[in-house]
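The values are calculated or read from the model by the stated rules, or taken from the named source; none is laboratory data. Every value quoted in this text rests on a predicted model; they were computed, and no experiment measured them. Backbone-built Cβ (ideal geometry, glycine too); neighbour counts: all protein chains shown. We work out accessible area using only protein heavy atoms, side chains counted, and drop any ligands, DNA or RNA first. Shrake-Rupley method; radii C 1.70, N 1.55, O 1.52, S 1.80 Å.
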Amino acid sequence: MTRTRRGYIARRRRTKMRLFASKFRGAHPILIRTIIQEKIRALLSAHRDRDRQKRNFRRLWVTRINAVIRENMVSYNSSRLLNNLYKRQLLLNRQILAQTAILNMNCLHMIFNEIKKSILRGIHRNVLHGIPRRRNYGKVEYQLV
């Protein structure tokens, strides 16, 4: 029986794989099995690092926002700021707040001062119009209406 010559499809596929693996050294750009293993490993790393990159950027944004906020108030952080922004229906995400913290700090200070004023107004209003009640240990607290 004569030897059959295989088609060009597998050869074309392997040359495409070799183009992917041309940046490696040693047997990696030559042997097909190692090329396949390297490709699978590279795709897994890319998938994993996309999530890691999102996580790292979120941490960076929170750090930048906290750095600017803590110049004004000591016991205030970015999560409280975002909660207060959400309550006032100002939908600004962490990325935009971090960019304004770097590029236009005065804008962030204005937003922060408005929130601080409204918080103080809310505290005074609730204390004035609250209902005093006593707990078991005798302290008077105000129940919010």
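Inside the stretch 12-35, can you point out the residues that are of a type in the set (A, V, I, L, M) and under 33 Å from the mean Cα position of the chain (by Cα)? Show your work before the answer.
To start, the set of residues in the stretch 12-35 that are of a type in the set (A, V, I, L, M) comprises 17, 19, 21, 27, 30-32, 35.
Scanning the stretch 12-35 gives a single hit, Ala21.
Starting from residues that are among the aliphatic types (A, V, I, L, M) and touching a Leu at 6+ places or on another chain (Cβ under 8 Å), keep the ones in the stretch 87-105 and report whichever is farthest from Ile69 (Cα to Cα).
To start, the set of residues in the stretch 87-105 that are among the aliphatic types (A, V, I, L, M) comprises 90-92, 96-98, 101-103, 105.
Applying the additional criterion that residues be touching a Leu at 6+ places or on another chain (Cβ under 8 Å) yields 91-92, 97-98, 101.
Details: Leu91: 18, Leu92: 15, Leu97: 11, Ala98: 11, Ala101: 9 Å.
For the stretch 87-105, the residue satisfying everything is Leu91.
Against the conditions (1) at pLDDT 85 or above; (2) loosely packed, with under 12 Cβ neighbours inside 10 Å; (3) touching a helix residue (DSSP H, G or I) at 6+ places or on another chain (Cβ under 9 Å); (4) aliphatic (A, V, I, L, M), where does Ile30 fall short? Just the number, please.
(1)
Could you tell me which numbered condition Ser118 fails, if it satisfies all but one of (1) without any contact (Cβ under 8 Å) to a residue 24 or more places away in the chain; (2) open to solvent by less than 90 Å² (accessible area, probe 1.4 Å)?
Ser118 satisfies every listed condition except (1).
Pairs under 8 Å by beta carbon, first residue within 22 Å of Ile30 (Cβ to Cβ) and assigned to a helix (DSSP H, G or I) in the stretch 1-15, partner at pLDDT 80 or above and of a type in the set (Val, Ile, Thr), six or more apart or different chains?
Arg14/Ile32
Restricting the search to the stretch 47-102, which residues are open to solvent by 90 Å² or more (accessible area, probe 1.4 Å), under 16 Å from Asn113 (Cβ atoms) and under 17 Å from the mean Cα position of the chain (by Cα)?
The one that is open to solvent by 90 Å² or more (accessible area, probe 1.4 Å), under 16 Å from Asn113 (Cβ atoms) and under 17 Å from the mean Cα position of the chain (by Cα): Arg80.
Can Tyr137 be described as open to solvent by less than 60 Å² (accessible area, probe 1.4 Å), modelled with pLDDT under 80 and either closer than 30 Å to His28 by Cα or among the aromatic types (Phe, Trp, Tyr) (or both)?
Values: open to solvent by less than 60 Å² (accessible area, probe 1.4 Å): no; modelled with pLDDT under 80: yes; either closer than 30 Å to His28 by Cα or among the aromatic types (Phe, Trp, Tyr) (or both): yes.
Here the answer is no, as Tyr137 does not meet what is asked.
For (1) in a helix (DSSP H, G or I); (2) aliphatic (A, V, I, L, M); (3) over 30 Å from Lys23 (Cβ atoms), each residue gets a yes or a no:
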{"site": "Lys39", "(1), (2), (3)": "yes, no, no"}
{"site": "Ala46", "(1), (2), (3)": "yes, yes, no"}
{"site": "Arg80", "(1), (2), (3)": "yes, no, yes"}
{"site": "Ala98", "(1), (2), (3)": "yes, yes, yes"}
{"site": "Asn113", "(1), (2), (3)": "yes, no, yes"}
{"site": "Lys116", "(1), (2), (3)": "yes, no, yes"}
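Out of (1) in contact (Cβ under 8 Å) with a residue 12 or more places away in the chain; (2) assigned to a helix (DSSP H, G or I), what's the single condition that is false for Ile30?
In the conditions (1) in contact (Cβ under 8 Å) with a residue 12 or more places away in the chain; (2) assigned to a helix (DSSP H, G or I), Ile30 misses (2) alone.
Here is a list: Val62, Val68. Which entry is part of a helix (DSSP H, G or I) and in contact with a Ser or Thr (Cβ under 6 Å, 6 or more places away or on another chain)? Step through it out loud before you land on a result.
On the way: Val68 fails: in contact with a Ser or Thr (Cβ under 6 Å, 6 or more places away or on another chain).
Selected residue: Val62, the only one of Val62, Val68 that is part of a helix (DSSP H, G or I) and in contact with a Ser or Thr (Cβ under 6 Å, 6 or more places away or on another chain).
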